[in-house]
Every structure is written in C-alpha cells, then in structure tokens.
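To start, the structure itself, in structure tokens.
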Amino acid sequence: MRIDAKLCAVSTEDLEHSHAPEDIRERLESGPSHSYLRDWVYGGIDGAVTTFAIVTGVVGAELSARVVLILGVANLVGDGFSMAAGNYSATQTELQQIEHIREIEYRHIRVDPDGEREEVRQIFASKGFEGEDLESAVSVVTGDDDRWVDTMLTDEYGLPLEVRSPLRAATATFFAFILCGIVPLVPWYLGISSPFDWSVGMTLAVFFGIGSLRSRWSIHPWWRTGLSTLAIGSIAAGLAYAIGYLLRSLGV
C-alpha cells in the first residue's frame, strides 16, 4: 500500500486526538460517543425535499399562496412527526435486536460451549491468529461470558455494542425536518414578490448547505457533497413540479 506524500508531513499535533497513554485510557474508559449527525442530515434533507416538492407541485398547478402555506405547514407537522416516529421505532428495533441476539448467544454458551468456542477460534483464525497465539486469544475471549458474547455480536453478526438513544435520534430528525422544511415556505409567509423564485433559491441553498456540512465527516470535498445533495433535492422538486403542471394541463 502506497502512503500519500501529504500524510508523511502530518505531525502528531495535527491528529484528531492524543495518543498519550493517559489520554487513551481516559478516552476508552469514558466509552464511545454517539453522533446524531445522520439523524439531522436525514431529517433536514427530507424536510426540505418534501416541503419544496409540495410548494412546486402547488405552484405547478397554479393554486393560491394560501394553499401553499396550508399544505406546507400540514406537511411540516404531520410528515415531521412521522419521520421522527419512524426513526424512533427503527432505532428501538435495533436495540431490541441486539438484546435478542445477546440472549441467543448466552443460551448457546450454556448449552454448547465447545461449539461456541470453535466459532471464536475460527473468527480469530480468519484474522491471522495461528498456533499458540490463536489458542491464547480463544482462551482470553471465552474466559468471560460477557466478553465472549460481545465478540460474537461484533464479529459474527456485525452488530454494534452501543446504539444511539431512540429518543434523541427522533428529536434530532424532527427538529432538522422543521428547521429545513420551513425554508421553502418563508417567501410566501413574508408576502414578498416572486415568492416562488425566492423559494427555489433558498431551498437550493439549504440542499447545498446540508451537503456541504456532510463533508466534515466525509472523505469527499465540501463542494462535491454539496452538489450531490443539491442534485437529489432538485430531482425531487422537479418531479413534483412536473406532476403539478401535468395535472393543471389535464384540467384536474
């Protein structure tokens, strides 16, 4: 594997966290931190996309500004709550799945410990352990039931040991949905001229802003993630406008 020349110029002071023994110990003892960024991005994009889709659909059908606001606010409250509830249920289901698998593995250890021990042996063999090192690793892992089950969860099932709070995930989704979803409605609420043009510009800016924010946790540059999200939102809005225009043409 070739090392990028830029990485050779990076010093320990440029790294994201310290590798001093005491700092490592403190970081590990505090446990993993949970990020709710994906819930914010999920809610923000969906809020902006669905509300703007309603706006473009209504404008495409040449309906009044009052209808825009009524349908837009109804979408914000109803769909925002629905998104939050769905995220809560999905995260809660993930927690329940992990607990279910834990119970299965504890039962398997009690009923067939040799079979479970062989699973651990093959797992570590696939990681490159051999001979005495392999047997030592198996002995250490299987010497504690909790550690044993944790190993099976991560290496056999590919499940995380820690899951985000369902309530916090739902809350992040809901507020991001409201915050970003209200943007397309602002020009109509303020009663400014050419509200649709303003709505288009402001919503596209939200799409690009959300995408650019994602770049802080991505290997891609900000402009690339921004344009990617902008393209997704634009397609959704364009489809809604086309449907509204088509219905108007048909006299629906």
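The values are calculated or read from the model by the stated rules, or taken from the named source; none is laboratory data. Quick caveat: nothing in here was measured; it's all calculated off a predicted structure. Neighbour counts are summed over all protein chains in view; Cβ atoms, including those assigned to glycine, are modelled from backbone coordinates with ideal geometry. These area figures cover heavy atoms from the full protein model, side chains too; ligands, DNA and RNA do not enter into them. Shrake-Rupley method; radii C 1.70, N 1.55, O 1.52, S 1.80 Å.
Worth pointing out:
- Length gained when the stretch residue 202-residue 37 is fully extended (0.36 nm per residue, less Cα-Cα span): 57.2 nm
- Dividing the summed helix terms, -39500 (n - 2.57) for each DSSP H run of n ≥ 4, by the number of residues in the chain produces a 222 nm estimate of -25500 deg cm²/dmol to the nearest 500.
- Peptide ranges 154-161, 34-41 listed from the most packed, as the mean C-beta count within 10 angstrom indicates: 34-41, 154-161
- Once Rg and the Kirkwood radius are both taken over the C-alpha atoms of region 126-224, their ratio Rg/Rh works out to 1.33.
- Of the GluC sites (Glu not before Pro) found in region 62-105, those in coil by DSSP whose Cβ has at most 14 other Cβ atoms within 10 Å are 62.
- Measuring nothing but protein heavy atoms, the accessible surface of the chain at 1.4 Å probe radius is 60 percent carbon and sulfur.
- Convex hull (Cα only) mean projected area of the chain, reported in nm² to one decimal: 20.7
- When the residues 66, 164 are ordered by accessible surface, computed with a 1.4 Å probe over the protein chains alone, the sequence from largest down reads 66, 164.
- nm² value of the averaged projected area, convex hull over the Cα atoms of region 26-107: 8.1
- Per-residue ³J(HN,Hα) for region 48-62, Karplus 6.51 cos²θ - 1.76 cosθ + 1.60, θ = phi - 60°, Hz, x for Gly and Pro: 5, 5, 5, 5, 5, 5, 5, 4, 5, x, 5, 5, x, 8, 6
- Sites residue 216 and residue 114 - FRET efficiency at Förster radius 51 Å, r taken between beta-carbons, to 0.05: 0.60
- Summed over all non-identical Cα pairs, the Kirkwood treatment of region 114-181 gives a radius of 14.4 Å.
- Mean Cβ neighbour count within 10 Å, used as a protection proxy, ranking 126-138, 207-219 highest first: 207-219, 126-138
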